[in-house]
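Asker: Let me give you the structure first, and then I'll get to my questions.
The values are calculated or read from the model by the stated rules, or taken from the named source; none is laboratory data. Being a predicted model, the structure only gives us computed values, none of them experimental. Glycine also receives a Cβ, built like all others from the backbone with ideal geometry; neighbour counts cover every protein chain displayed.
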Amino acid sequence: GIVSPEPQDDTELAVEGALRPQSLQEFVGQHKVRGQLQLLLDAARMQDRPADHILMAGPPGLGKTTLAMIVAHESGRPLRMSNGPAIQHAGDLAALLSSLTPGEVLFIDEIHRMARSAEEMLYLAMEDFRIDIMVGKGAGATSIPLDLAPFTLVGATTRSGLLPNPLRDRFGFTAHLEFYESQELELVVKRSAGVLGIGLDAAQGSEIARRSRGTPRIANRLLRRVRDWSVVHGDHEVTLAGVRAALELYDVDEIGLDRLDRAVLDALVRRFRGGPVGLSTLAVAVGEEPDTVESVVEPYLVRIGFMGRTPRGRVATPTAYEHLGLPAETGLV
Ligand code: ADP
């Protein structure tokens, strides 16, 4: 296939925007979640009320933000976007909530990182569309109740386990996003190639899909690097050899593991003899934040059966040894 010669705005945000499906119909995979969301949205529309609050849970890049946009789009309501780290005080949240128009969809990404005081304010807001604003200090402090316009909260988290139960319980539905199958990612790659004007054949598309770590965001990113390779080294012609060369250049291995995945596996197997080892020890060994190892690296390694989580720590499986080309020996599950 041929890469179209037009220049493109290739900033990460612009491309992600362009590649985002706009409707549940266009959204690839996640059949269960799509059906669940469809019902929720249909019922709300038939009763002419905002949809129940929705929590999107799962590793990065699987479509949580995209689904939040689709929720707003399909229910014909405006979308307001915010994120947990930006909400450091209850006042930040009060300002946000009190400015919502009736029926608006409020998206809070990384909702597990919101300030504690804001979390408590959110309980009442979600349940009764009301907040209590504290004014004054000490003995003279009073709280003034403030009614809010009804809204739909869509929260996203990579770590639903970190959400306090009272918050989790106030969502009408939790969408658990799973890693995608290769065939699904092939559809994502094919669709994105169409949008970006990149001609790919089935073998090339499936090579990218197979090595995308079950993640649409990674599939889209690798597709763009393959495009770069083809423009620079292939005179705009995409070839299977070019696909492989581009992926190799960016340290994506045969089964799609990246450098950090391999560093974690390597430390687990060589340094800690297959485990069990605690999360923070493992994270220090690869120079990463424990949170990144836990929410980005581990879910996929567990999913493909390379790593196990036990009460005593993380362990490597025989498959992991095999992948690293080592004889399986100590500390196996
Ligand atoms: P998250 O919020 O979970 O980190 P995003 O919703 O930002 O993930 O998705 C990352 C990228 O992958 C976006 O460009 C999005 O369009 C694409 N993507 C995610 N899920 C799908 C899907 N099911 N079908 C097609 N593209 C998808």
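Asker: Among the listed residues Ile133, Ile111, Ile54, identify the single one that is touching a strand residue (DSSP E or B) at 6+ places or on another chain (Cβ under 7 Å) and more than 24 Å from Thr158 (Cβ to Cβ).
Answerer: Only one candidate qualifies: Ile133.
Asker: Taking the condition in contact with a Gly (Cβ under 8 Å, 6 or more places away or on another chain) and farther than 23 Å from Leu148 by Cβ, does Lys64 pass?
Answerer: Yes; evaluated as a whole, the condition is true for this residue.
Asker: Now for a separate question. Output the number of residues of segment 17-32 satisfying the condition of being assigned to a helix (DSSP H, G or I) and either touching a residue at least 40 places away in the same chain (Cβ under 8 Å) or within 8 Å of the ligand (Cβ to nearest atom) (or both).
Answerer: 3
Asker: Consider Ala14 carefully, then state whether it is part of a helix (DSSP H, G or I), within 13 Å of the ligand (Cβ to nearest atom) and loosely packed, with under 15 Cβ neighbours inside 10 Å.
Answerer: yes
Asker: Do you know which residues across segment 78-103 are touching a Ser or Thr at 6+ places or on another chain (Cβ under 9 Å), part of a loop (DSSP other than H, G, I, E, B) and buried (at least 19 other Cβ atoms within 10 Å of the Cβ)?
Answerer: Answer for segment 78-103, where residues must be touching a Ser or Thr at 6+ places or on another chain (Cβ under 9 Å), part of a loop (DSSP other than H, G, I, E, B) and buried (at least 19 other Cβ atoms within 10 Å of the Cβ): just Gly103.
Asker: Just give me the residues in segment 112-148 being on the phi > 0 side of the Ramachandran plot, at pLDDT below 95 and not in a helix (DSSP H, G or I), in sequence order.
Answerer: The one that is on the phi > 0 side of the Ramachandran plot, at pLDDT below 95 and not in a helix (DSSP H, G or I): Gly136.
Asker: Failed condition for Leu97, given (1) farther than 15 Å from Phe171 by Cα; (2) modelled with pLDDT under 95, with all others met?
Answerer: (2)
Asker: Something else: Report every pair of residues separated by at least 6 positions or lying on different chains whose Cβ atoms are under 9 Å apart, first residue within segment 137-149 and under 28 Å from Pro102 (Cβ atoms), second polar (S, T, N, Q) and outside any loop (DSSP other than H, G, I, E, B).
Answerer: Leu146/Ser98; Leu148/Ser98; Ala149/Ser98
Asker: Would you please name the residue that is farthest from the ligand (Cβ to nearest atom), looking only at residues in segment 60-77 that are outside any loop (DSSP other than H, G, I, E, B) and in contact with an Asp or Glu (Cβ under 9 Å, 6 or more places away or on another chain)?
Answerer: Ala72
Asker: Within segment 251-263, does at least one residue satisfy the condition of being within 24 Å of Gly161 (Cβ to Cβ) and surrounded by fewer than 17 Cβ atoms within 10 Å (Cβ to Cβ)?
Answerer: Scanning segment 251-263 turns up at least one residue that is within 24 Å of Gly161 (Cβ to Cβ) and surrounded by fewer than 17 Cβ atoms within 10 Å (Cβ to Cβ).
Asker: Suppose we keep only residues that are at pLDDT below 95 and among the acidic types (Asp, Glu) within segment 209-253. Which one would you say is farthest from the ligand (Cβ to nearest atom)?
Answerer: That would be Asp235.
Asker: Confirm whether Thr317 is polar (S, T, N, Q) and surrounded by 19 or more Cβ atoms within 10 Å (Cβ to Cβ).
Answerer: yes
Asker: Now, a different point. Could you check, for segment 33-50, whether at least one of its residues is touching a Lys or Arg at 6+ places or on another chain (Cβ under 9 Å), within 15 Å of the ligand (Cβ to nearest atom) and either of a type in the set (A, V, I, L, M, F, W, C) or without any contact (Cβ under 8 Å) to a residue 60 or more places away in the chain (or both)?
Answerer: Scanning segment 33-50 turns up no residue that is touching a Lys or Arg at 6+ places or on another chain (Cβ under 9 Å), within 15 Å of the ligand (Cβ to nearest atom) and either of a type in the set (A, V, I, L, M, F, W, C) or without any contact (Cβ under 8 Å) to a residue 60 or more places away in the chain (or both).
Asker: Hey, among the residues in segment 181-208 that are in a loop (DSSP other than H, G, I, E, B) and surrounded by fewer than 20 Cβ atoms within 10 Å (Cβ to Cβ), which one's nearest to the ligand (Cβ to nearest atom)?
Answerer: Taking the candidates together, the pick is Glu181.
Asker: Could you give every pair whose Cβ atoms fall below 6 Å, whose first residue belongs to segment 173-198 and is within 30 Å of Leu153 (Cβ to Cβ), and whose second residue is within 9 Å of the ligand (Cβ to nearest atom) and polar (S, T, N, Q), counting only separations of at least 6 or pairs across chains?
Answerer: Matching pairs, first to second residue: Ser192/Asn220.
Asker: Hey, does segment 159-171 have a residue that's under 19 Å from Pro60 (Cβ atoms), crowded, with 17+ Cβ neighbours inside 10 Å, of a type in the set (S, T, N, Q) and in contact with a helix residue (DSSP H, G or I) (Cβ under 6 Å, 6 or more places away or on another chain)?
Answerer: The answer is no, given that none of the residues of segment 159-171 is under 19 Å from Pro60 (Cβ atoms), crowded, with 17+ Cβ neighbours inside 10 Å, of a type in the set (S, T, N, Q) and in contact with a helix residue (DSSP H, G or I) (Cβ under 6 Å, 6 or more places away or on another chain).
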